[in-house]
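Remarks on the structure that follows.
Each value in this text was obtained by applying a stated rule to the coordinates, not by laboratory testing. This is a predicted model, so every value here is computed, not measured. No Cβ is skipped: glycine too gets one built from the backbone with ideal geometry, and neighbour counts run over all protein chains shown.
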Amino acid sequence: MKHKQQHWRRWLALLPLSLVFLLSGCSELTVLDPKGPVGQSQKDLIVFSLWFMLGIVVVVFALFTFMVIKYRNRPGRDDKDYDPDLHGNTAIEIVWTVIPLIIVIILSVPTVTTLFDLEKPPEGSQDKEPLVIYATSADWKWFFSYPEQGIETVNYLHIPTDRAIEFRLSSADSMAALWIPRLGGQKYNMAGMENTLYLEADEPGVYDGRNSNFNGEGFTEQTFKVHAESENAFKEWVEKTKKEAPKLTQKKYNELLDPGLSKKLTFSNTHLAWVDHGTNQDRDYAIELHRDAYQELLHLDNERKDDKEHE
Amino acid sequence: MKLDEFFVTGEPLIYAGMVSIVLVSSAVIFLLTYFKRWGWLWREWLTTVDHKKIGIMYILSALAMLFRGGMDALMMRVQLAFPDMNFLNAQHYDEIFTTHGTVMIIFMAMPFLIGLMNIIVPLQIGARDFAFPFVNALSFWSFFFGAMLFNISFVIGGSPDAGWTSYTPLAGAAMSPGPGQNFYLMGLQLSGIGTLATGINLMVTILKMRAPGMKMFQMPIFTWSTLVTCFIIVFAFPILTVALALMTIDRIFGAQFFTLTGEGLPMMWANLFWMWGHPEVYIVILPAFGIFSEVIATFARKRLFGYNAMVWSMILIAGLSFLVWVHHFFTMGAGAFVNSVFSVSTMLIAVPTGVKIFNWLATLYKSKIEFTTPMMWALAFIPSFVIGGVTGVMLGMAAADYQFHNSYFLIAHFHYVLIAGTVFACFAGLEYWYPKMFGHKLNERFGKLSFWLFVIGFHVTFFPQYFVGLDGMPRRVFTIIPEWMPLNVISTVGAFGMGLGFAVFCYNIYYSYRNSKREETGDSWNGRTLEWATPTPVPFYNFATVPHVDKYDAFLAMKEKGETTYDEDKLEPIHMPSYTGKPIIMMAILAFASFALVFEWITLAVIGLIGTLIMMVIRSFDYDEGYHVEVEEIKRIERKARRL
Amino acid sequence: MSAHELKSGPLEYRTQEGQMSILGFWIFLAAEIVLFSTLFATYAVLFGRTADAPAPGELFEIETVLIMTFLLLISSFTCGIAVHNMRKGAVKAFITWMVITLLLGLGFLGFEIYEFVHYAHEGATLQSAAYWSAFFTLAGTHGLHVTLGIGWATMILIQVAKRGFTPMTSRKGFIISLYWHFLDVVWIFIFTSVYLIGMVV
Ligand code: HEM
Ligand SMILES: [Cu+2]
C-alpha cells in the first residue's frame, strides 16, 4: 500500500511540469496568437476568463483531493472526524452560491462590452473607411467580391493591413460560417440574409480561412488563404487584377455555383451586378438553377482532394 | 425503386456490417429455437408491463447502442489520426458523425437513464409499478423500434448525413435528397413519442404513488432528479415533435418551412431544434446528478449535504435550461444585445451547477469513503465535470464563442459534460443497482480495470481537443492538416483506451454472471433508500407491505427501527396489471408506417397508420383490469426470497 | 394499486386509477399546449412570408370562420351539458348530448375542409409559400385533433352505452370532455390570432 502511494506522488510531480509545457505551447495556438485587433480582443477575453476558470479548477481539485485522501475509509481510522449526520450549513452554502455569482458578473461585463465593440470597426483604424468585401459561400467555395474595386476572387482573399475589413456575409445555398482564426471569430453566411463581420490584420502574412459550419460533402475543402499585405501592395494587386483578369459572365458564374470544388479564380468585375444572394429576392437563385446537382456525390476523399489545387 | 438503391452498396465497411447483422440475427434465432425459448421470450419479456423488466430491456438496448455509437467513434478517430488517412471518404465520414451523435444522445444516453429510472424510481418511492404500466411498455417499444428504424439506415436506404443537429437548408429535400434524412426524422419522431409518454408516466407515478407519509421533500434525490427531468421532457419534447414534423412535411409533402424557396426560414429550424436541444442536454444530465448523489451518499456513509439546495438547484437549472438556447448560434448575427442577454443567462446556469459540486464535496467532508467501483465513477465525475463546466462558461461568453464555435474546443466541452456526466453516471448507476437487478454484484477487480481504462482513455481523448480547437481545427472535417496531427494521434490512442474499458466492462458482465457470489439480502451496499428494502431478486409486486415513511433516507430509518417491507399481519391481496402483447404489436405497426414514410411510400404508410388506429380502438375496448396476488402466494414468495 | 374506492365524489375520481389517469391527462394537455404554442410561434415567425402566393387577407372569409367558431363553441357547451348529465348518472342524456357535440364537430370539420379546398383553388396550398405551410399545418393539426377526438369519443360512447357509468367509463367520458374543451380553446386562439389578424393586416 505504502509503496504504491510513493509511486503515485512521483507521477503527481509530473503534473505541474506538463502544465508548464502545455501553457508555453498555448501561445502558439492559432486563436491565442492573433494577428489583428479583433482576434486580440477575443484572445484577451479568453485569457481573462481562463484565469478565473483555472482558479475554480484549482479550488475544486484541491478540495476534492483533500476530501478523498483525508476521509477515505482506511484501516484503523477512528470516528473522531466522522459525522454521518452532518447535512447542512447555511453560511457556507450562501458563500458558495454568491462567489460563483460574482464571478459570473465579473465575466459578463467584458463579454458584453466586447460584444458591442465587435459590431463596429476596430478602434485603431477608425480614421480609414473599412474595405467592403462581399463574402459569398456556395457549396463548397468562396466568392469574394470587392464592389469598390470592381474585382472578384474565388477561394482566396487579398486584404490591406491596418485597415478594417467589412465582410458582408451571405450564401448562395447552404449555411456556412466565415472563419479566419488568426484574425478573429466567425459569423454565419446564410442565403437571403446579410451578416456583417469586421476583421482586421495588423501584420502582413498569409492566413488560413475556411468555412467552419458543416454544409455537406465538400465542407472540409471549403478553405481559402488570406493574403494580408501593405496598403500599397494591395493597391498594386488590385490594379494588376483589373487589368489582367477576365470578365465574369453570368453564364460562367452560374456554372461555378454548381455544387463542387473550385480552383482559385480571379475576375475583373463582380457577380453583384446580377445577383446578391444576401437579399430576400435572390435567396433561391442557386437552388432553382441546380436543384438536381445536389443528388450527385463528389466522392471526395483523401486521394481526390487535388481537384481543388490548393496552391 | 431498384434493389440496389434500396440496399446500400459499394462500401466494404458496410458490407461487413451487413454480414455481421445477418450472422448475429441468425445466431439469435438459432439459439432461441434450439433452446425452445421463443415462448419464454414472448411471455416473459416482449409482453411484459413490469417496470423492472422494461428497465432491463432499456438498458440492454442502450448498451447495444453504446456499442454502435462507440464503433462509429473509433472509425472517426482512425480517420482523423493522420493527415492523409484514407479510411473513410468524406461522405462516409459525414454519415458516421451524424449517426454517432444521434445514437449517443437519443438512443444511448436517454434510454440508459430512463431504464435506470424505470427500475429504481418505483422502488425508491414504495410503489408497485408505474402509474400506467401499459403505457410504459408502449414507451419502451416506441423507443426500441425508433432506434431500430434509425440504425437500419446504414444498410437500407443510406444513413443521414447532415449532423445530429440537421441544420436546414442542408437537411432539406433540395440538398439532402433520398431517404437518409427521413430515417433521422422518423426514427426520432417514433422514439420521441415514447419519451414524452414516459415523462408523463413517471411524473404521475412520483406525484401520486409515493409510499404513505413520504413528503415531496423526503423523496430520494434520484427520484427528485427524475421528477425535474420529467418536467423538462413534458415541456421540451413537443417542440421536437413539431420541429421534426415540420421538416418531414417539408421533405415529403413539399412545404416551405425551412426551405430557401417560398420564403421559408432555415434558421427557424436551428431555433426550434435548440429550444428542445438545450433542455435535452439537461434531460441527460439531471438524472446523472441524481445517481451520483445517491452513490456518493451511500459510499461516503454519510447523509447527502444540502438536500434542499440540491433540489432547488435542479429546479433552477431546469427553468434556466429553457432560456439559453441561442448560445448554440451566437454567430447567427442576432446582434450584440440578444447575444448579451443569452450570454448572461447561459453563464448563470453555472451557479446552481457549482452549488451542486460544492454540495457533493461537502458530503465527502467528515465521511468515510469506500472505494467501490460505483463510487469511483462518482468521484471521477467531480473533477472531470468541473473541467467541462468551466469550459462551458467560456463558451457562454459570446464574444469569445465566435472563436470557439464549431471548433474542437466545443467538441471537448460537450464530451467532458456528457461523458464525465452522463456516461460515468450510467456506469455508476448500473454497477450500483446491478445487484438489485440481477441478484449479484459485478466483479470489483474487472470493474476497477474498466474504470481506469475508460477514465484515463477519456481524458487522453478529449483534453487535447481543447487545444486543437484553439489551434483552429473545426468540427466535422473528415481529414486534418499536419499541424493538428500530434494532438489528434493522442486523441485516437485515448479513444481506443475507452473502447478497451468498455470491452472489459462487457466482459465483466459475463464474468460476474458466472462467478459472482449471489446476493442473500436485498441490501447489497448497506443502502439508505427504499429500493434496498426489497428482497433480491425483487418480487414482481415489489413491496409485500408498503412501509410508512416519515423521514428522508427512509430505509435507514426502517433499519434503525427494525422494520421490513414484509409484515405478515398487514398483508392484503395485491392488484397487478396483466401482461399484454398490444404495446409491441401497436408499435411494430407504427414502425412499419414510419418505415414506409421514410421511403415516401404513402399508401403503405397510410395502411400502417390505419393499423395503428385499429390497435388503439382495440385497446380502448380492453377492460382487462389485471389480477390479484393472494395473501398465501405473497407469503410463499416472500418467505423464499427472505429465506425465512 | 389496490382499489380502495371512495364512496362519494364524482365517479371518475373515486379510484386511484381514475385520479391518476386524469392527472396524467392534464399533464398531456400541458404538452399539447407546448405543441400548439410551437406551431403558433412558427406561424407568427412566418407571417407575411407569402412569396408569390396570395396574402391571407385576400382569401379569408369572415362568414365561414364565424360559423366554424360558433359550431365549435356550441359543441363545447353541449359537451359540458353531457358531463353534467354524466354526473347525474343519466346515460341516455349523456349520449344524446355527446352525439350532438360530435355532430357539431363534424360540421366544423366540413367547413374546414371546404375552406381548405377553396384556398387551394385560389392558389394557396401547403406548398405555395412558407406562410401557407404554417397556416395549413397549424389549422390542419387542430383539425386532425378534432377528427381524432370524434373517433375517440365515438368509442367511448359505445362503451358507455354497453356498460353504463362505471369509474372506468366515466373517467373516459370526463377525459374526452377535457380534450374537447381544450380543442375549443385552441380554436379561439386560431380564430383570433390567425383569422382576425390575418384579415386586418
Ligand atoms: C455549466 C454549464 C454549461 C454551460 C455554461 C454550457 C454552455 C454551452 C455553450 C455556450 C454551448 C454552445 C457552444 C457553441 O456551439 O459554440 C454548448 C454546447 C453544448 N453543450 Fe454545454 N454548457 C453547459 C453544460 C452542459 C451540459 C451539462 C451538457 C450535457 C450533458 C452540455 C452539452 C452540450 C452539448 C451537447 C453541446 C453542443 C451541441 C452541438 O453543437 O452539437 N453542456 N454548451
Ligand atoms: Cu446548450
> Principal axis lengths of the stretch B:91-200 from Cα atoms, whole Å, largest first?
Replying inline: 52, 24, 21
> What residues from the stretch C:186-201 fall in the zone where the backbone N is under 16 Å from a label point 7 Å along the Cα-to-C-beta line of C:I62?
Replying inline: C:191-201
>> Can you classify the stretch B:295-518 as rounded, prolate or oblate using the Cα gyration tensor, where a ≥ b ≥ c are the square roots of its eigenvalues, rounded means a/c under 1.5, and otherwise it's prolate if a/b beats b/c and oblate if not?
In response: oblate
> What's the Cα-based Rg to Rh of the stretch B:213-349, Rh via Kirkwood?
Replying inline: 1.11
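Return a whole-number percent for the relative contact order of the stretch C:58-200, with Cα pairs under 8 Å and 6 or more residues apart as the contact set.
Numbers: 120 pairs, mean separation 45.2, N = 143.
After rounding, I find 32 percent.
Mind running the shape call on the protein assembly as shown? Use the C-alpha gyration tensor, a ≥ b ≥ c as the square roots of the eigenvalues: rounded below 1.5 for a/c, prolate if a/b tops b/c, oblate otherwise. Can you show the working numbers first?
Details: a/c = 1.84, a/b = 1.21, b/c = 1.52.
In terms of gyration-tensor shape, oblate.
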> By average Cβ neighbour count within 10 Å, what is the ranking of B:348-354, C:159-165 from highest down?
Replying inline: B:348-354, C:159-165
> Which is farthest toward the positive dipole end of the stretch C:58-200 among C:G149, C:V83, C:L103, measuring Cα position about the Cα centre, with Cβ charges +1 (Lys, Arg) and -1 (Asp, Glu)?
Replying inline: C:V83
> So how much slack lies between B:K448 and B:V19, counting 0.36 nm per residue of separation and subtracting their Cα-Cα distance, in nm?
Replying inline: 151.0 nm
>> Suppose each label sits 7 Å from its Cα in the direction of the beta carbon; what would the C:I74-A:D33 distance come out to in nanometres?
In response: 8.0 nm
>> I need the shape label for the stretch B:494-535. Rule: rounded when a/c is under 1.5, else prolate if a/b > b/c, else oblate, with a, b, c from the alpha carbon gyration tensor.
In response: oblate
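How big is the Cα convex hull of the stretch B:497-644 in projection, averaged over all directions, in nm²?
Values: hull surface 61.0 nm².
Dividing the Cα hull surface by four gives the mean projection, 15.3 nm².
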> For chain A, modelled as a GNM with alpha-carbon contacts under 10 angstrom, which of A:V31, A:V109, A:V226 fluctuates the most?
Replying inline: A:V109
> For the stretch A:83-134 and the stretch B:345-360, what is the separation of their Cα centres, given in Å?
Replying inline: 15 Å
> Toward the positive end of the charge dipole of the protein assembly as shown, about the Cα centre and with charges on Cβ (Lys, Arg +1; Asp, Glu -1), which of A:F167, B:P12, A:P100 goes farthest?
Replying inline: A:P100
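Multiply the residue gap between B:K570 and B:I152 by 0.36 nm, knock off their C-alpha separation, and tell me the result in nm, one decimal place. If you can, show how the numbers build up before the last one.
Numbers: separation 418, 0.36 × 418 = 150.48 nm, distance 5.17 nm.
This chain segment gains 145.3 nm when fully extended.
Would you tell me the mean number of C-beta atoms belonging to other protein chains that fall within 10 Å of each C-beta in B:468-481, as a whole number?
Details: counts 1, 4, 10, 9, 12, 3, 12, 3, 6, 8, 7, 6, 1, 2.
That works out to 6 on average.
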>> With just the Cα atoms defining each centre, how far is the stretch B:213-263 from the stretch C:164-201? Give it in Å.
In response: 22 Å
> Label A:F116 and C:L23 with points 7 Å out from Cα along Cα→Cβ: what is the distance between them in nm?
Replying inline: 5.0 nm
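For B:W45 and B:E483, what is the calculated FRET efficiency with R₀ set at 51 Å and r taken between the beta-carbons, to the nearest 0.05? Present the calculation step by step, with values, prior to reporting the outcome.
Working: r = 53 Å, r/R0 = 1.03.
Calculated transfer efficiency: 0.45.
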> What does the average come to when, for each residue of peptide A:37-44, you count the partner chain Cβ atoms lying within 10 Å of its Cβ?
Replying inline: 2
>> Between C:I81 and A:A293, what is the label-point separation in nm under the 7 Å Cα-to-beta-carbon projection?
In response: 6.6 nm
> Normalised by the number of residues in chain A, what is the relative contact order in percent for Cα pairs under 8 Å and 6+ residues apart?
Replying inline: 18 percent
> Rounded to the nearest 500 deg cm²/dmol, what is the calculated helix-only ellipticity per residue at 222 nm for the protein assembly as shown, with -39500 (n - 2.57) per DSSP H run of length n ≥ 4?
Replying inline: -20500 deg cm²/dmol
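Determine one quarter of the surface area of the Cα convex hull of the stretch A:128-279, which equals its mean projected area, and express it in nm² to one decimal. Provide the component values of the computation, followed by the final result.
Working: hull surface 31.3 nm².
That works out to 7.8 nm².
As a test of the definition: which semi-axes, in Å, follow for the stretch A:27-167 when you take the square root of five times each eigenvalue of its alpha carbon gyration tensor? Largest first, please. Walk me through the numbers on the way to the answer.
Details: eigenvalues 575, 65, 33 Å².
In descending order the semi-axes read 54, 18, 13 Å.
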>> Could you order the peptides B:581-589, B:27-35, B:160-168, B:511-519 from most to least packed, using the average number of other C-beta atoms within 10 Å per residue?
In response: B:160-168, B:581-589, B:511-519, B:27-35
> In nm, what is the difference between 0.36 nm times the number of residues separating B:T33 and B:F540 and their Cα-Cα distance?
Replying inline: 179.8 nm
> Which distance in Å, rounded to a whole number, links the C-alpha centroids of the stretch B:408-473 and the stretch C:82-107?
Replying inline: 58 Å
>> Cut-off 10 angstrom, C-alpha nodes, Gaussian network model of chain A. Which of A:H290, A:H271, A:H158 fluctuates the most?
In response: A:H290
> Any idea which of B:G163, B:F451, B:L470 is furthest toward the positive side of the dipole for chain B, if Lys and Arg beta-carbons carry +1 and Asp and Glu beta-carbons -1?
Replying inline: B:F451
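For the stretch A:98-203, divide the Cα radius of gyration by the Kirkwood radius and give the resulting Rg/Rh value with two decimals.
Working: Rg = 16.2 Å, Rh = 15.2 Å.
With Rh from the inverse mean 1/r over Cα pairs, Rg/Rh is 1.07.
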> When averaged across all projection directions, what area in nm² does the alpha-carbon convex hull of the stretch A:147-215 cover?
Replying inline: 4.8 nm²
> How fast does chain B diffuse by Stokes-Einstein, in µm²/s, taking the Kirkwood radius from C-alpha pairs at 20 °C and 1.002 mPa s?
Replying inline: 84 µm²/s
> If you average the sequence gap of Cα pairs under 8 Å that are 6 or more apart and divide by the length of the stretch B:295-518, what percent do you get for the contact order?
Replying inline: 21 percent
> Under a point-charge model restricted to the Cβ atoms of Lys and Arg (+1) and Asp and Glu (-1), what is the dipole moment magnitude of the stretch A:128-279 relative to its Cα centre, in debye to the nearest 20?
Replying inline: 320 debye
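About the Cα centre of the stretch C:58-200, what is the dipole size in debye to 20, counting +1 per Lys and Arg Cβ and -1 per Asp and Glu Cβ, all else neutral? Present the calculation step by step, with values, prior to reporting the outcome.
Values: 7 positive and 7 negative charges, 252 e Å.
With Lys and Arg at +1 and Asp and Glu at -1, about 1200 debye.
For chain A, what ratio Rg/Rh do Cα atoms give with a Kirkwood hydrodynamic radius? Numbers along the way, then the final one.
Numbers: Rg = 26.8 Å, Rh = 23.3 Å.
That ratio is 1.15, to two decimals.
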> Of B:K52/B:K356; A:K141/A:K252; B:K570/B:K635; A:K235/A:K263; A:K80/B:K559; B:K448/B:K517, which sit over 21 Å apart, Cα to Cα?
Replying inline: B:K52/B:K356; A:K235/A:K263; A:K80/B:K559
> If you count, for each residue, the other Cβ atoms within 10 Å and average over each peptide, how do B:320-327, A:186-193 line up from highest to lowest?
Replying inline: A:186-193, B:320-327
>> Taking each pair of distinct Cα atoms in the stretch B:26-158 once, what is the resulting Kirkwood hydrodynamic radius in Å?
In response: 16.8 Å
> What's the average, rounded to a whole number, of partner chain beta-carbon atoms within 10 Å of each residue's beta-carbon in B:517-523?
Replying inline: 0
